[in-house]
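All remarks here apply to the structure that follows.
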Amino acid sequence: MEERAYGKINLTLDILRRREDGFHDLRMVMQSVDLFDEITLNKREGEGIELSCDVGYVPSDGSNIAARAAEAFFRELGIRGEGLSIAIRKTIPVSAGMAGGSSDGAAVLRALGRMYRPDLPAERLEAIAAQVGSDVPYCVRGGTALAEGRGEILTDLPPLPPCWFVLCKPGFPISTPELFSRVRVKQLQFHPDTAGMLRSLEAGDLEGICRRIYNVFEEILPRKYSRVLELKAALLDQGALAAAMTGTGPTVFGVFAGEEAARRAADVIGRVCGRVYVARPVKKYESLV
Ligand code: ATP
């Protein structure tokens, strides 16, 4: 069984409040992009989950999100004694703010759902996904969606109008806990206009969407990561309609109306940023099958 695991970007990322449990309530407009990992699942003799990944520094034991997802699936549905092998071919950059690991976990859940319980309601699969990680339910669903709470409360949104993305992944990671530890919600000066973003999506207005692309983490990014903001400026300089960091970074994306402009910008920025990708928006998984 083969399954694609698409990466995501944040068209908006807002932090609403710090919760009693120490986590933050978020409000994010998420978008899948056609940069994908390839996941192959096979039943095998014997018991337990075996995993391999073509990227050496991604864990290939039970701590891999894909293995944790399979374990959660079997546990929650009371399926015992299964032998399963999972092979992951990575294309989504790792620790990039593109939910690569969560998307691999979500792909495993979709594939196992088809293999073992094709009648399982989508909500049940998303509930299992929420136990694996807060971005995993969105990744099960994909497409354009509003994600609230820790990211697990989802509302489908109209798909983005046709456009192209240029994604630039700088060569350093940004620590997600470090970034969250810098958040003082009351001191944030800017918040994305999420309501305006939803209206623009409803109207299919790419220009309005682009005007509202914003990630609050950019405001509190430590100086040592100034490269992120330089790449954002470079994308805008190359004609992007909008540019922003995705998730907790460090990947920055720019939006272009046409392919030629996107490829030209990617060529130029590729000379100063090691990993540059051109990608398109992807619709909800359901609508792809
Ligand atoms: P997010 O956008 O959800 O914050 P990310 O894109 O920043 O995620 P990932 O690529 O998902 O980050 O990887 C985060 C960490 O998870 C890495 O340290 C990585 O080693 C680990 N990890 C576990 N499973 C996977 C997987 N299947 N693919 C990639 N990374 C994985």
note = Of all strands (runs of 3 or more DSSP E) fully inside the stretch 17-89, the set with 2 or more residues that are among the aromatic types (F, W, Y), within 10 Å of the ligand (Cβ to nearest atom) and buried (at least 18 other Cβ atoms within 10 Å of the Cβ) is none
ask   = Name the pairs: first residue in the stretch 196-214 and closer than 23 Å to L229 by Cα, second residue basic (K, R) and at pLDDT 95 or above, Cβ to Cβ under 7 Å, at least 6 apart or on different chains?
value = M197/R212
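Kindly evaluate P173 against the criterion of being more than 15 Å from the chain's Cα centre (by Cα) and either under 15 Å from R4 (Cα atoms) or away from the ligand (no atom under 14 Å from the Cβ) (or both). Spell out the reasoning first.
On the way: more than 15 Å from the chain's Cα centre (by Cα): yes; either under 15 Å from R4 (Cα atoms) or away from the ligand (no atom under 14 Å from the Cβ) (or both): no.
Judged against the criteria, P173 is not a match.
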ask   = Are any of the residues in the stretch 190-200 more than 20 Å from the chain's Cα centre (by Cα), surrounded by fewer than 17 Cβ atoms within 10 Å (Cβ to Cβ) and closer than 18 Å to T251 by Cα?
value = no
message = Take P281 and tell me if it is buried (at least 21 other Cβ atoms within 10 Å of the Cβ) and over 19 Å from L160 (Cα atoms).
response = no
inquiry  = Looking at E126 and the list (1) surrounded by fewer than 22 Cβ atoms within 10 Å (Cβ to Cβ); (2) in contact with a helix residue (DSSP H, G or I) (Cβ under 6 Å, 6 or more places away or on another chain); (3) closer than 30 Å to R227 by Cα, which single condition is not satisfied?
reply    = (3)
note = All-but-one check, F217 against (1) assigned to a helix (DSSP H, G or I); (2) among the aromatic types (F, W, Y); (3) surrounded by fewer than 17 Cβ atoms within 10 Å (Cβ to Cβ), failing number (3)
Of all residues in the stretch 222-243 being in contact with a Pro (Cβ under 9 Å, 6 or more places away or on another chain) and under 20 Å from V183 (Cβ atoms), the one that is surrounded by the most Cβ atoms within 10 Å (Cβ to Cβ) = V228
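Is there a residue in the stretch 246-259 that is closer than 24 Å to D14 by Cβ, of a type in the set (S, T, Y) and surrounded by fewer than 21 Cβ atoms within 10 Å (Cβ to Cβ)? Step through it out loud before you land on a result.
Let us first name the residues in the stretch 246-259 that are closer than 24 Å to D14 by Cβ, namely 246-255.
Checking the rest, the ones that are also of a type in the set (S, T, Y) come to 246, 248, 251.
Applying the additional criterion that residues be surrounded by fewer than 21 Cβ atoms within 10 Å (Cβ to Cβ) yields none.
So far as the stretch 246-259 goes, no, none of its residues is closer than 24 Å to D14 by Cβ, of a type in the set (S, T, Y) and surrounded by fewer than 21 Cβ atoms within 10 Å (Cβ to Cβ).
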ask   = Taking the stretch 68-112, which residues are of a type in the set (A, V, I, L, M) and without any contact (Cβ under 8 Å) to a residue 40 or more places away in the chain?
value = I79, V94
ask   = What residue, among those in the stretch 160-186 that are farther than 19 Å from D14 by Cβ and among the charged types (D, E, K, R), is surrounded by the most Cβ atoms within 10 Å (Cβ to Cβ)?
value = K169
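When the residues of the stretch 97-117 are filtered to those that are more than 6 Å from the ligand (Cβ to nearest atom) and of a type in the set (A, V, I, L, M, F, W, C), which remaining residue is farthest from L13 (Cα to Cα)? First the steps, then the outcome.
First pass over the stretch 97-117, keeping only residues more than 6 Å from the ligand (Cβ to nearest atom): 103, 105-117.
Checking which are of a type in the set (A, V, I, L, M, F, W, C) leaves us with 106-109, 111-112, 115.
Values: A106: 21, A107: 23, V108: 26, L109: 26, A111: 29, L112: 31, M115: 35 Å.
Step by step, filter the stretch 97-117, then rank; the result is M115.
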request  = State yes or no: is N10 closer than 21 Å to G247 by Cβ, within 20 Å of the chain's Cα centre (by Cα), free of Cβ contacts under 8 Å to residues at least 60 places away in the same chain and within 12 Å of the ligand (Cβ to nearest atom)?
outcome  = no
ask   = Any idea which residue in the stretch 188-214 is nearest to P158 (Cα to Cα), counting only those that are among the hydrophobic types (A, V, I, L, M, F, W, C) and assigned to a helix (DSSP H, G or I)?
value = L201
message = For the stretch 137-145, check the following and say yes or no: at least one residue is touching a residue at least 60 places away in the same chain (Cβ under 8 Å), in a loop (DSSP other than H, G, I, E, B), of a type in the set (D, E, K, R) and surrounded by 18 or more Cβ atoms within 10 Å (Cβ to Cβ).
response = no
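Residues that are under 20 Å from the mean Cα position of the chain (by Cα) and either over 18 Å from L112 (Cα atoms) or among the β-branched types (V, I, T) (or both): does the stretch 42-49 have at least one? Break it down stepwise before answering.
Of the residues in the stretch 42-49, the ones under 20 Å from the mean Cα position of the chain (by Cα) are none.
So far as the stretch 42-49 goes, no, none of its residues is under 20 Å from the mean Cα position of the chain (by Cα) and either over 18 Å from L112 (Cα atoms) or among the β-branched types (V, I, T) (or both).
Taking the stretch 221-262 on its own, how many of its residues are more than 16 Å from the ligand (Cβ to nearest atom) and assigned to a helix (DSSP H, G or I)? Reasoning before the result, please.
Residues of the stretch 221-262 more than 16 Å from the ligand (Cβ to nearest atom): 222-224, 226-227, 229-243, 254-262.
Still in the running and assigned to a helix (DSSP H, G or I): 223-224, 226-227, 229-237, 259-262.
The qualifying residues number 17.
The values are calculated or read from the model by the stated rules, or taken from the named source; none is laboratory data. Bear in mind that the values here come from a model prediction, so they are computed numbers and not experimental data. All Cβ positions, glycine included, derive from the backbone under ideal geometry; neighbour counts span all protein chains shown.
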